[in-house]
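Please read the structure below before turning to the comments.
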Amino acid sequence: MKASTFRRLVNLWPPLFFSGISVTRISDDFREIDVCMKLRWYNRNYVGTQFGGSLFAMTDPWYMLMLMHNLGNDYYVWDKQADIDFIAPGRSHVTAHFHLDDTILREIREHTADGQKYLPIFTVSILDQEQNLIARVERRLYVRKKPRARTSEERQADENS
């Protein structure tokens, strides 16, 4: 699927749409994604700032989807764990930028080549309109080569472990 088509479809996905979260850009190679969330009456908390759950949600699926597109169908990719550190109140629209480079893709392929799981950690910053840090989110993913994509020796070693 083309990145532009994917962006339009994912912006209609109810968990994002009804939180006011939108994808503003996806690179053609699915290695960069920009997400924004405008401050609206329906995503403000009691004290009038960005709702923490919505800040967390705006980082949810992106690294998993980026890895799935870049690694292909030979890999399982799941979100495993996440942690958010709230730094400052979000009093305006906020953005997050997600980026994958050749180094991390090579590292993942090397660590999973023998069929073992790999748990890379990605960190993303949520910034306000003045580029002030609002929150920092760490996302740990589970990545493993699917059995059908492993050699027979790798499958045998995996079964014996």
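The values are calculated or read from the model by the stated rules, or taken from the named source; none is laboratory data. Computed from a predicted model, the values in this text were never measured in an experiment. Ideal geometry is used to build each Cβ from the backbone, glycine not excepted, and the neighbour counts take in all protein chains shown. Remember, those area values only see protein heavy atoms, side chains included, never the ligands or the DNA or RNA. Shrake-Rupley method; radii C 1.70, N 1.55, O 1.52, S 1.80 Å.
Here Tyr63 passes the criteria (1) open to solvent by less than 60 Å² (accessible area, probe 1.4 Å); (2) more than 15 Å from Leu16 (Cα to Cα); (3) touching a residue at least 60 places away in the same chain (Cβ under 8 Å); (4) not in a helix (DSSP H, G or I) except the one numbered (4). List every residue pair whose Cβ atoms sit under 8 Å apart, with the two residues 6 or more apart in sequence or on different chains, where the first one lies in segment 121-148 and is polar (S, T, N, Q) and the second, anywhere, is part of a loop (DSSP other than H, G, I, E, B). From segment 121-148, the pairs are Gln129/Ser92; Gln129/His93; Asn132/Ala88. Considering segment 69-84, and only residues there that are part of a strand (DSSP E or B) and open to solvent by 30 Å² or more (accessible area, probe 1.4 Å), the residue that is nearest to Pro147 (Cα to Cα) turns out to be Tyr76.
Against the condition open to solvent by less than 30 Å² (accessible area, probe 1.4 Å), in contact (Cβ under 8 Å) with a residue 40 or more places away in the chain, within 17 Å of Ile87 (Cβ to Cβ) and in a helix (DSSP H, G or I), how does Leu55 come out, does it pass? Considered against the rule, which asks whether it is open to solvent by less than 30 Å² (accessible area, probe 1.4 Å), in contact (Cβ under 8 Å) with a residue 40 or more places away in the chain, within 17 Å of Ile87 (Cβ to Cβ) and in a helix (DSSP H, G or I), Leu55 comes out as yes. If you filter segment 12-49 down to residues that are in contact with a Gly (Cβ under 8 Å, 6 or more places away or on another chain) and not in a loop (DSSP other than H, G, I, E, B), you find that the one that is surrounded by the most Cβ atoms within 10 Å (Cβ to Cβ) is Met37.
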